[in-house]
Amino acid sequence: MTLLREAIGESLRRARVAQSRTLREVSTSARVSLGYLSEVERGRKEASSELLAAICQALDVPLAQVLFDVSSAMADADKATALAREKAGAKVGAVTKLPAKAGAGKVTAKVTPRGGDGEMVMAADGTFGPRIVIPAPKSDRLVLVAAK
């Protein structure tokens, strides 16, 4: 999962590199310390809206364009994740919500794999895993033991 601060940093760095400008040039123009700008570009610091506006102004790039680029990149990442899950065997769209009691409240949905054999269970954290079902033994094979 891509973090917002990482996507913003990547977008700012792409804009700066496309202009063949150094961190020092942009940091001076934006009146931001070189180290802090570097941390923002690497996605290590959350930049305030005022700081983002100053960096965008220094880069002569509209803030709206940076935010649009970030939105597009994050949407593409979400699509790639869904595609990877589909390739792993789960049908996208074949999700059934389960009651809250199922899986001690941690299971939020079940996804039927391709072919319909078994099912994959999606946990609250978005990960998938198989649901193992052990059939009960036939009643004619049960052996009752009397308690002493």
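The values are calculated or read from the model by the stated rules, or taken from the named source; none is laboratory data. Quantities reported herein were computed from a predicted structural model and do not represent experimental measurements. For neighbour counting, all protein chains shown are included, and Cβ atoms are generated from backbone atoms with ideal geometry for every residue, glycine included. Ligands, DNA and RNA are stripped out before the accessible areas are found, and what is left, the full protein with its side chains, is counted by its heavy atoms. Shrake-Rupley method; radii C 1.70, N 1.55, O 1.52, S 1.80 Å.
Evaluate E = 1/(1 + (r/R0)^6) for residue 46 and residue 84, where r is the Cβ-Cβ distance and R0 equals 22 Å; express this FRET efficiency to the nearest 0.05.
0.20
For residue 71 and residue 20 in one chain, what is 0.36 nm times their gap in residues minus the Cα-Cα distance, to one decimal in nm? The partial results should precede the final answer.
Working: separation 51, 0.36 × 51 = 18.36 nm, distance 2.42 nm.
Result: 15.9 nm gained on full extension.
Roughly to the nearest percent, how much of the accessible area of region 1-80 is carbon and sulfur, given a 1.4 Å probe? Don't skip to the end; give the middle numbers.
On the way: 2620 of 4950 Å².
Here carbon and sulfur together make up 53 percent of the probe-accessible area.
With the Cα gyration tensor of region 1-93 in hand, convert its eigenvalues to equivalent ellipsoid semi-axes via √(5λ) and list them largest first in whole Å. Spell out each step's value before the answer.
Numbers: eigenvalues 192, 28, 24 Å².
The three semi-axes for region 1-93 are 31, 12, 11 Å.
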